[in-house]
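Engineer: Next up is a structure, given as structure tokens.
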Amino acid sequence: MALSNVAGFPRIGRNRELKFATEGHWRGETSAEELAATGKAIRVENWKLMQDAGIDLIPSNDFSHYDQVLDAIALVGAVPERYGWDGGDVDLDTYFAMARGRQTDALDATAQEMTKWFDTNYHYIVPELGPGTQFSLSSSKPFDEHAEAMEELGIDTVPVLIGPVSFLLLSKPADGVSDDFNALDLLESLVEVYGEVIERLAEQGATWVQLDEPCFVADRAERELDALRLAYEELCKVRERPRLLVKTYFDHVGAAYGVLRDLPIEGVGLDFTGVTHEEGAVPAHEHGGRHNAEFVAEHGGLDDQWLFAGIVDGRNVWISHLEHSLDALEGLRDRTAQLVVSTSCSLLHTPIDLDAEPAGGGADLDDETRSWMAFAVQKVGEVATLAKGLADGRGAIAEQLDANDRALDSRRESSRSRNPEVRDRVEALSEADARRDTAFPDRKQVQRQKLGLPSFPATTIGSFPQTDEIRTARRQLRQGEIQLAAYKERMRAEIDRVVAFQEEVGLDVLVHGEPERNDMVQYFGEQMLGFVFTENAWVQSYGSRCVRPPIIFGDVSRPAPMTVEWITYAQSKTEKPIKGMLTGPVTMLEWSFVRDDQPRSETCEQLALAIRDEVADLEKAGIPIIHVDEPAIREGLPLRREHWDEYLRWAVYSFRVATSVVRDDTQIQTHMCYSDFGDILEQIQEMDADVTLIEAARSRMELLHEWEKTGFANDIGPGVYDIHSPRIPTAEEMAELLGEAARVLRPEQIWVTPDCGLKTRAWPETEASLRNMVQAAKQLREELVPAS
């Protein structure tokens, strides 16, 4: 017998119902009751889908109104004092205030920090803890959702919780807390609350509880491994408790394998993706599944525990190799008390349903390429098929195996995925193609003379608010309701508006606002070869923010200029410098679903050459500053340090290939956000951008400590305006942040900028915030720049 399980399912709804209900609630148009009803409808639909597919162990509490870590913060009552919470259950207003900030007459509270969920493009809210943090059971969400599934569908679901040790390891010290503080000091009191949760779930009939401990696929110190052991030894002492499943994902568990094997828990979840790939197809650090298989084979099986084998990839869109997956599962079956076929991680990282895409090639997804893909619904089907094949033999799933083999052969033999010209061009690259002609200090002098900018120059990251009118025009063009000429006229009118506003408010380096761009990756991918696109394949990035990642299935190239027409039009409207805005090769890679039949480094170098061509064309068109956005470069860092050098080598090299084609007097800018950059500042310096703009406002300039240690030679713009919050920062607040930066950095190297692009913000708050930001820049010029 083999059981089936799904680690988690997308929670946005098939038509992004949660996004629209949530944003309506924030605008005061949707009541809390209506928002709750939307969430319930999504959950019930998800549970029924998995039930109908034959999944045995179906998750609950994988749904979230914003983020699963924020849910855990609410569950254990770890609410920072500034939100004015006075105990009891954490209410919805406090919950959203932690995610977005709150600015009223009575309260002005900044949002909690947000950063990337391991090496994905999902963002989580970072817990803020200190020695005085007091935990208490402060949310009924996991109990309510387990009971809801029983009442609605008769399903004893598996409640999913962020494990207590990972919760602490994912946290940061609260403001004012000493550097000596270690969050693991809070483990005992936190485990007490988790014990209450587990006991209460048992009382209402839960058979299993899933506790996610993904932090243990990264390098961990002995104290952290001891904390894992201690936490679950204590939790296993809970009387009349459910079975406990500790699940890991995204890489191999390394030294934590022995700890998990020896714990008195009933289930261990490991990621086995990569087991079925050909050698050399993907880099070594993406073969964590092979290491996990070796641990089970060579270091003692899970003789007394259930192994939840994450064999179906929860992060990409390609179909599983069912024959190879069965081979791997059969090899694992004899080394565990019971084998459960599962997804490698929650399916929240994938689109919901391939069948929601228009038939016959709508949005460029034709019948051939779609046969190579599986979204969340199809991956649930793969889990059920593999479990059936493992239990009843391959003959029981012969039809599915045959269809899978045909699709795999089609992809393997397709001539569409390989372009000899692109491969020859990558092969011809050399280190000289990845170096500027002159060192930064000399380039800076030439650029300063050309640009004539003041000290503390103020700019933005690129995008301005995308209004309903902009989106309507884009939809009308797509549906044939307006002609291209009319669409361009509307976009130029919006560019006129944005340029005029920037001049009026006093920004020094302007942007065209990107009204023509649906998404910073999709826009470029749609103009390159090697991509296909979807119409409905939305994936949650954070909160209500959803994206449709492009799918890279073949060799990438750029057949024609992509941005030159829009940027040169904007430059014709102002005497101030306009910067051309491009998305960098690493971010294009990380924010797409990437082909898994060759190393990611090869795909990234192809992307670098495509962006290089666009950079060259912008320079030829007279654009003085070219901004190549790389917010995802830290996100792609492997979870285990042994693979960092390999990744950073090709990531930095690809950025330099994309940008080193310009003359000395053309300034290259880049931007990074919402990751912990302190441990790769040396590599950021090696990227050799003339100006690096980096998120710092939401994290309150935490990078300053790292800059102080390492120094930073080139120009840098630490963000002073958190754009993921509707809160409007004051000029004094931003000037204070700039003053902190000026105590570590040289005033002449500091730029003034928001944390990120302004696409998701509304115009009123954008206007007010940018006016305050320019005022802060002027204040710093008066205070810190000597009069000439």
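The values are calculated or read from the model by the stated rules, or taken from the named source; none is laboratory data. None of these values were measured; they are calculated from a predicted model. Using ideal geometry, Cβ is built from the backbone for each residue, glycine included, and neighbour counts are taken over all protein chains shown. Just the protein is used for accessible areas: all its heavy atoms, side chains included, with ligands, DNA and RNA removed. Shrake-Rupley method; radii C 1.70, N 1.55, O 1.52, S 1.80 Å.
Engineer: What is the projected area of the convex hull of the Cα atoms of the chain, averaged over all directions, in nm²? Provide the component values of the computation, followed by the final result.
Structural biologist: On the way: hull surface 127.5 nm².
Taking the Cα atoms of the chain, their convex hull projects to 31.9 nm² on average.
Engineer: How high is the relative contact order of segment 411-568, given as a whole-number percent (alpha carbon pairs under 8 Å, six or more residues apart)?
Structural biologist: Details: 136 pairs, mean separation 37.9, N = 158.
The normalised contact order for segment 411-568 reaches 24 percent.
Engineer: Can I ask one more? Tell me, what ³J(HN,Hα) does each residue in segment 556-572 have, in order and in whole Hz, if you take phi through Karplus 6.51 cos²θ - 1.76 cosθ + 1.60 with θ = phi - 60° and put x for Gly and Pro?
Structural biologist: Rounded to whole hertz, the list is 9, 8, 10, x, 7, x, 10, 10, 4, 4, 5, 5, 5, 4, 4, 5, 5.
Engineer: Restrict the search to segment 435-496; then list the GluC sites (Glu not before Pro) that DSSP places in a loop and that have at most 13 other Cβ atoms within 10 Å of their Cβ. Kindly include the intermediate steps, with their values, before the conclusion.
Structural biologist: Details: sites: GLU469, GLU481, GLU489, GLU494; in loops: GLU481.
Loop-located and lightly packed - GLU481.
Engineer: Using a probe of 1.4 angstrom, how much of the accessible area of segment 685-772 is carbon and sulfur, in percent? Present the calculation step by step, with values, prior to reporting the outcome.
Structural biologist: On the way: 1400 of 2810 Å².
Carbon and sulfur: 50 percent of the exposed surface of segment 685-772.
Engineer: So, in Å, what gap is there between the alpha-carbon centers of segment 201-249 and segment 457-494?
Structural biologist: One Cα centre to the other: 50 Å.
Engineer: Counting only DSSP beta bridges with both residues in the chain, tell me the antiparallel percent, nearest 5. Don't skip to the answer; put the middle values down first.
Structural biologist: On the way: 12 of 63 bridges.
DSSP beta bridges in the chain are roughly 20 percent antiparallel.
Engineer: Further question on the same structure: Give me the accessible area per residue for the chain, probe 1.4 Å, as a whole number in Å².
Structural biologist: Values: 28850 Å² over 788 residues.
That works out to 37 Å² for each residue.
Engineer: Ok, one more. Add -39500 (n - 2.57) for each DSSP H run of 4 or more in the chain, then divide by its residues: what number comes out at 222 nm, to the nearest 500 deg cm²/dmol? Show your work: numbers first, answer last.
Structural biologist: Working: 27 runs with 321 residues, N = 788.
Estimated from H runs of four or more residues: -12500 deg cm²/dmol.
Engineer: Let me ask something else about it. Could you name the aspartates and glutamates in cross-link range of LYS237, using Cα to Cα under 18 Å and dropping any fewer than eight places away on the same chain?
Structural biologist: GLU188, GLU192, GLU196, GLU199, GLU203, ASP226, ASP262, GLU266, ASP304
Engineer: Roughly how many percent of the accessible protein surface of segment 463-604 is carbon and sulfur, given a 1.4 Å probe and a whole-percent answer? Spell out each step's value before the answer.
Structural biologist: On the way: 2240 of 4760 Å².
Solvent-exposed carbon and sulfur of segment 463-604 make up 47 percent of the total.
Engineer: A 20 angstrom limit on the alpha carbon distance is what I want to check against. Which of LYS444/LYS576; LYS450/LYS759; LYS450/LYS579; LYS450/LYS576; LYS576/LYS778; LYS579/LYS759 exceed it? Don't skip to the end; give the middle numbers.
Structural biologist: Working: LYS444/LYS576 18 Å; LYS450/LYS759 30 Å; LYS450/LYS579 14 Å; LYS450/LYS576 11 Å; LYS576/LYS778 17 Å; LYS579/LYS759 17 Å.
With Cα atoms farther than 20 Å apart: LYS450/LYS759.
Engineer: Additional query: Using a cut-off of 15 Å between beta-carbons, work out the net charge of the residues near ARG492 (Lys and Arg +1, Asp and Glu -1, ARG492 not included).
Structural biologist: Details: positive: ARG474, LYS488, ARG490, ARG497, ARG517, LYS573; negative: GLU469, GLU489, GLU494, ASP496, GLU514, GLU516, GLU565.
Within the 15 Å Cβ shell, the charges total -1.
Engineer: Right, next: Given +1 on the Cβ of Lys and Arg, -1 on the Cβ of Asp and Glu, and no further charges, what dipole in debye does segment 159-219 carry about its Cα centre, rounded to the nearest 20? All intermediate terms of the calculation are to be shown ahead of the outcome.
Structural biologist: On the way: 2 positive and 12 negative charges, 52 e Å.
Its charge dipole is roughly 240 debye.
Engineer: Shifting gears a bit: Using a probe of 1.4 angstrom, how much of the accessible area of segment 1-118 is carbon and sulfur, in percent?
Structural biologist: On the way: 2130 of 4530 Å².
On segment 1-118, the fraction of accessible area on carbon and sulfur atoms equals 47 percent.
Engineer: List the relative contact order of the chain as a percent without decimals, with contacts defined as Cα pairs under 8 Å and 6+ residues apart.
Structural biologist: Details: 1559 pairs, mean separation 99.7, N = 788.
Reported as a whole number, the value is 13 percent.
Engineer: Here's another thing I want to ask about it. If one computes P(r) from the Cα atoms of segment 608-758, what percent of pairs lie at distances over 20 Å? Intermediate results must be reported in sequence, preceding the final value.
Structural biologist: Details: 5683 of 11325 pairs.
Considering segment 608-758, 50 percent of its Cα-Cα pairs are separated by more than 20 Å.
Engineer: Tell me the trypsin sites (Lys or Arg not before Pro) within segment 16-117 that lie in a loop according to DSSP and have at most 14 other beta-carbon atoms within 10 Å.
Structural biologist: On the way: sites: ARG16, LYS19, ARG27, LYS40, ARG43, LYS48, ARG82, ARG100, ARG102, LYS116; in loops: ARG16, ARG27.
Sparse-neighbourhood loop trypsin sites (Lys or Arg not before Pro): ARG27.
Engineer: Setting aside same-chain residues fewer than 8 positions from LYS40, which lysines have a Cα under 29 Å from its Cα?
Structural biologist: Reachable lysines: LYS19, LYS48, LYS116, LYS141, LYS247, LYS379.
Engineer: What shape does segment 415-536 take by its C-alpha gyration tensor, where a ≥ b ≥ c are the square roots of the eigenvalues and a/c under 1.5 counts as rounded, a/b above b/c as prolate, and the rest as oblate?
Structural biologist: Cα axes put segment 415-536 in the oblate bin.
Engineer: Is the shape of segment 539-597 rounded, prolate or oblate, going by the alpha carbon gyration tensor and its root eigenvalues a ≥ b ≥ c, with a/c under 1.5 for rounded and a/b larger than b/c for prolate? Show your work: numbers first, answer last.
Structural biologist: Numbers: a/c = 3.29, a/b = 1.63, b/c = 2.02.
It is oblate, given that a/c is not under 1.5 and a/b is not larger than b/c.
Engineer: Taking the Cα centre of segment 223-262 as origin, sum charge times position over the Cβ atoms of Lys and Arg (+1) and Asp and Glu (-1), and report the length of that vector in debye to the nearest 20. Walk me through the intermediate numbers first.
Structural biologist: Working: 8 positive and 7 negative charges, 41 e Å.
In debye, rounded to 20, segment 223-262 gives about 200.
Engineer: So which trypsin sites (Lys or Arg not before Pro) in segment 284-363 are both in a DSSP loop and have at most 16 other Cβ atoms within 10 Å of their Cβ? Please list the in-between numbers first.
Structural biologist: Working: sites: ARG290, ARG315, ARG333, ARG335; in loops: ARG315, ARG335.
Here the sparse-neighbourhood loop sites are ARG335.
Engineer: Run the numbers for ASP156 and ASP392: contour at 0.36 nm per residue of separation, minus the present Cα-Cα distance, in nm. All intermediate terms of the calculation are to be shown ahead of the outcome.
Structural biologist: Working: separation 236, 0.36 × 236 = 84.96 nm, distance 2.45 nm.
Contour length minus Cα-Cα distance gives 82.5 nm.
Engineer: Sticking with this one: Between ARG781 and GLU421, what is the spin-label point distance in nm, taking each point 7 Å from the Cα along the Cα→C-beta axis?
Structural biologist: For ARG781 paired with GLU421, the spin-label model returns 4.8 nm.
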